[in-house]
Amino acid sequence: MTSTLARAQGSATAIRWPGSSLWSQIMILTERSLGALIRDPQIILFGLLQPIVMLFLFTQVFANLGSTPNFPPGISYVDYLVPAVLVDNAVQSSLQSGVGLVEDLKNGVVSRLRSLPIQPASMLVARSLSDLTRGVVQVVVILLLATTMLGYSPGGGFGGMAASLFLALMVGWALGWVFLAFGTWLRRAEPMQNISFIALFPLMFASSAYVPVADLPSWLQVVAQVNPLTYAVDATRAVALGFANTSAVVPAIVICSIITAAGVIFAILGFRRPL
Amino acid sequence: MTALMPSRPDDRQPMIEAIDVSKTFGSVCALDSVTLSAPRGSVLALLGHNGAGKTTLVNILTAMTPLSSGTARVAGFDVATDARKMREVIGLTGQFASVDERLSGRANLVLIARLLGADRKAAKRRADTLLEVFDLTGAAKRLAKTYSGGMRRRLDLAVCLVGSPDVIFLDEPTTGLDPSSRINLWEIVETLVEQGTTVLLTTQYLDEADRLADTIAVLSDGSVVASGTAAQLKGQVGQLSVTVTLEPGHDPVAACVALERAGMAPAIGSDGVTITTPVGASKELATVIRVLDDDGIEAAELAFGEPTLDDVYLALAKKTAHQPA
């Protein structure tokens, strides 16, 4: 073994590569995360569990909501619900970005990568991109189930579905960066899971996601009106249903962009802190 | 041997160098004026218990943690100002850096090679060479999480060698390994050092430092309390000892008197039936037996003690306490 080692390590054959560009670092690391996801698709399955349960449960439980006075006329509850489930999926799976990063921090993978001559931010961008890819898969699965099994057929048609998919992914991308930022500062998974469970889960209910805001108790209406998720859900729903009034879309995009920018800045700052 | 080594312009420059390095976390002083150095192709061992400051020092030398004061250079690069260049020529293992458990052994190696700038083909070639060298070819496609402890360590070391580093940092490389894997790893390290690699290793085992290190620095509470070759340290702080357990009915005090007469410095153990005495060399075991036998004292059991890290610590603590303030 020693002679082979000498050959591998000896100065005559010493291998030195020129280093990689930021772009290739991001691509290589994204490929790494996606590779792990393909070999171990549990994360996708578990991520899909809650949205799918909600989809099937709520369409049964709240089926009659479609006939209440505050409900948009002529729209089935399934068509009303699916865009909200897309946003819920984005919200729930964004936590996974932070958890994945914390895992890499804990098991020493981040240390290994940081010991290499690469840009540390490439690890964050790669994580974000691979989670975005996972998000696309999950949203497509939800849309396929909803259209084939629950008769989801929104007024916006295929274009509306595509636009709602795009908006939901944008929400997931923005919140993903928020959890990446939490991950770099907290460096523990439990507090992030608590934030997700205590803040995001109730916020989904205190929004226009499952019932029209006007049907909520008055104090919850106040919360719903300042809840960014209301904008996200309203925008996603408006494009899916093909509403002429898409005034919620611009605020949703603006809010998402601001949250993404803040997340990126705090994530990079947090990641720079010594390990 | 020296003549055969390729001469390099910076051969005399230390490859690892810390001058007066201190690190404070808030009000806690983790490292206090640490100075040490290692020339090219040598092994520097950091010996110390958990919390002694080993990891902090390695984190500073690898530019993972900024230092509070002092200067540190690795491979000639100042870690505070030239970290990126320095990273091109170092490798990390153990708790400092780990393999990705969700990737196969081969994928781990390919990943690092590609990040270092190798194209896919070159990266795979490098991975296969290292897999062969480290006897992992058969397990190349298995996920790293299915590896045994010894295989993991070998993969870890292989990953750290992908870019042919000049300096490698090994964190407790043999903790938890079976004896044959342990010796196997030691041999690998020795070969690397022959090739001119400079190694910094942390360990809790004196025998490991003894076998591999050219210089040992003992860290305690953030300070280097002793440094030198293994032989120097043993002479300075630790010593061999013999522990005698007496047969029932025999007087430990009488045994002590007998041993003192032979010029030894025995002490009665807290249990009242064992006596421990430092000895200069292993052959003095025979002297202990003879002296006790001459006085008709019967030993039920004799145990031979090598100096341990604890002995080193105890001796050093005693020495520090006796120093005038």
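Every read-out reported here was derived from the displayed coordinates using simple, explicitly stated rules and does not represent laboratory data. All values reported here derive from a predicted model rather than from experimental measurement. Every residue, glycine as well, gets a Cβ built from its backbone with ideal geometry; the counts of neighbours run over all protein chains shown.
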- prompt: What ranking of B:LYS121, B:LYS85 emerges when the number of other C-beta atoms within 10 Å of each C-beta is taken as an exposure proxy, fewest first?
  reply: B:LYS121, B:LYS85
- request: Per DSSP H run of at least 4 residues, take -39500 (n - 2.57); add these up for chain A, divide by its residues and hand me the 222 nm value, nearest 500 deg cm²/dmol.
  value: -24500 deg cm²/dmol
Estimated D of the protein assembly as shown in µm² per second, where Rh is the Kirkwood radius over Cα pairs and Stokes-Einstein applies at 25 °C, 0.890 mPa s: 87
statement: Residue by residue through region A:233-241, the couplings from Karplus 6.51 cos²θ - 1.76 cosθ + 1.60 with θ = phi - 60°, in Hz, x for Gly and Pro, are 5, 4, 5, 4, 5, 4, 6, 5, 7
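For region A:150-275, report the convex hull volume of the alpha-carbon atoms normalised per residue, in Å³, without decimals.
With only Cα atoms used, region A:150-275 gives 126 Å³ per residue.
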Cα centre as origin, Lys/Arg/Asp/Glu Cβ charges: region A:20-272 dipole, Debye: 720
- prompt: Using the 10 angstrom Cβ neighbour count as an exposure proxy, how do B:LEU31, B:LEU143 rank, fewest first?
  reply: B:LEU143, B:LEU31
- line: The Cα radius of gyration of region B:239-306, divided by 2.2 N^0.38 Å with N its residue count, comes to 0.95
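Express in % the proportion of alpha carbon pairs of region A:59-143 at distances exceeding 17 Å. Can you show the working numbers first?
Working: 2204 of 3570 pairs.
The calculated P(r) of region A:59-143 puts 62 percent of pairs beyond 17 Å.
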task: For region B:133-270, count the residues as N, evaluate 2.2 N^0.38 Å, and divide the Cα radius of gyration by that value, please.
output: 1.51
message: Per DSSP helix of 4 or more residues, -39500 (n - 2.57); summed, then divided by the residues of chain B. What does that give at 222 nm, rounded to the nearest 500?
response: -10500 deg cm²/dmol
- line: Candidates B:PRO66, B:PRO173, B:PRO39; GNM for chain B (alpha-carbon contacts under 10 Å) flags as most fluctuating B:PRO66
query: Mean separation of Cα pairs under 8 Å and 6+ residues apart, divided by the residue count of chain A: what relative contact order is that in percent?
result: 25
Residue mean of other protein chain beta carbons inside 10 Å, B:190-198: 4
field: Rg over Rh, two decimals, chain A (C-alpha only, Kirkwood Rh)
entry: 1.08
- prompt: How do B:CYS256, B:CYS160 rank when sorted from fewest to most other Cβ atoms within 10 Å of their own Cβ?
  reply: B:CYS256, B:CYS160
